[in-house]
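One structure is given below, encoded as structure tokens.
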């Protein structure tokens with residue numbers, strides 16, 4: 001039996017195989033685990049999948065069960081202004097010097113990079129065989145989509161309020177002390193949930209990623225580590241509980257079908273999407289796959305205050321709470337309603353996935369950026385945020401020569 005053993009955080013140099021996954025040179029410490037791996041494969045399907053597939057990848061929607069989102073019958077296409085030279089070719093990247101934007105993207109495992117201003121596509125590049133109709137997992141960008149659906153469900157009267165107790169919808173958690181945990185605590189990741197967000201291949205986070213029939217059962221066994229509202233601690237378990245609440249509130253309609261009806265079709269999504277599932281429940285913390293253009297429309301919806309072509313999709317108050325900082329009740333300015341705020345002093349906010357997937361919104365310049373990639377490459381998260389901030393702040397309707405001079409004089413943070 002051939003075993004493809006890949007354990008997170010225990011590898012040296014890497015190369016990419018034909019499927020786009022990273023294959024790793026096994027270190028001695030990994031080889032020690034081969035015996036354990038064999039026994040786990042024989043005894044448990046989920047651990048077998050963990051060991052067989054190893055590192056998560058942007059094409060994992062191919063290995064999981066999932067539900068399809070159909071392209072909207074009324075496609076919305078951004079105006080194409082990519083030939084007008086409104087995005088500079090050169091950037092000053094600290095630690096790297098003056099580099100072309102395209103080189104930075106290409107050399108750091110980018111698959112797609114889009115710049116949209118005022119509903120016009122002003123920059124679009126694809127790499128490594130990716131194209132405008134290629135779909136990629138958004139990983140934790142999916143959390144922001146689930147948050148949007150919670151807002152829609154409140155607007156539709158399916159959920160009462162973010163102040164509601166979790167136990168109103170999940171009475172099974174009453175004995176676990178969840179009576180004081182509100183939906184707001186889950187949205188702000190201040191629930192106090194005992195959930196380790198780690199790459200440990202035998203921890204709960206990785207287990208739930210690869211499990212195919214256990215999600216709700218595991219969620220209803222969650223425990224609290226501390227009182228809610230104590231502090232912000234990022235964890236996917238909060239999102240999983242929100243999804244379990246939404247699923248019950250929908251009374252038989254799937255989360256995918258609700259997204260299709262309330263958001264996907266109204267936004268004029270041009271291509272199919274896939275939402276990976278565990279049994280009957282969508283993996284809402286990790287596993288919505290879509291094209292770069294269609295991911296961009298989530299950012300545009302928020303930029304437009306929850307309206308799309310004069311149709312109200314979600315309340316403006318929901319957008320306001322996601323896009324402005326609230327630090328009360330243990331919350332962090334950096335994380336609001338499952339959206340990230342990369343800079344305290346700026347109004348920017350973003351969807352973010354762990355391999356460098358971003359939908360970045362700059363309200364000051366009316367710009368939305370999308371970056372999809374196999375990984376962050378050689379750049380840290382902070383360097384990507386600074387790059388996105390710089391690009392979003394310098395998209396102007398002026399000749400490329402003038403814009404290039406402006407960008408070259410403005411280094412990244």
Original post:
What ranking do 256, 244, 365 get, fewest neighbouring Cβ atoms within 10 angstrom at the top?
Top reply: 365, 256, 244
**OP:** Neighbouring Cβ atoms within 10 Å as the yardstick, rank 224, 301, 183 fewest first.
**Re:** 224, 301, 183
Original post:
Per the Kirkwood definition applied to all pairs of different Cα atoms, how many angstroms is the hydrodynamic radius of region 132-392?
Top reply: 18.4
**OP:** Sort out for me the Cα centre separation of region 325-382 from region 75-90, rounded to whole Å.
**Re:** 22
Subject >> For region 200-355, alpha-carbon Rg relative to the globular expectation (2.2 N^0.38 Å, N residues) >> reply: 1.10
Original post:
Can you give the extra length, in nm with one decimal, that the chain gains between residue 63 and residue 77 once fully stretched, where that is 0.36 nm per residue apart less the Cα-Cα distance?
Top reply: 2.0 nm
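Does region 108-213 classify as rounded, prolate or oblate by the C-alpha gyration tensor (a ≥ b ≥ c root eigenvalues; a/c under 1.5 gives rounded; else a/b over b/c gives prolate, otherwise oblate)?
oblate
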Subject >> Relative contact order [Cα under 8 Å, 6+ residues apart], region 164-242, whole percent >> reply: 38
Original post:
Given 0.36 nm per residue, what is the gain on full extension from residue 172 to residue 221 after removing their alpha carbon distance, in nm?
Top reply: 16.8 nm
Subject >> Relative contact order %, region 132-392, counting alpha carbon pairs below 8 Å whose residues are six or more apart >> reply: 23
**OP:** Can you tell me which of 278-287, 172-181 comes out highest on packing, and rank the rest after it, using the mean Cβ neighbours within 10 Å?
**Re:** 278-287, 172-181
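Bear in mind these aren't lab numbers, they're just calculated from the coordinates by the rules spelled out. Everything numeric in this text was worked out from a predicted model, so none of it was measured. Cβ coordinates were reconstructed from backbone atoms using ideal geometry, including for glycine residues, and neighbour counts include every protein chain displayed.
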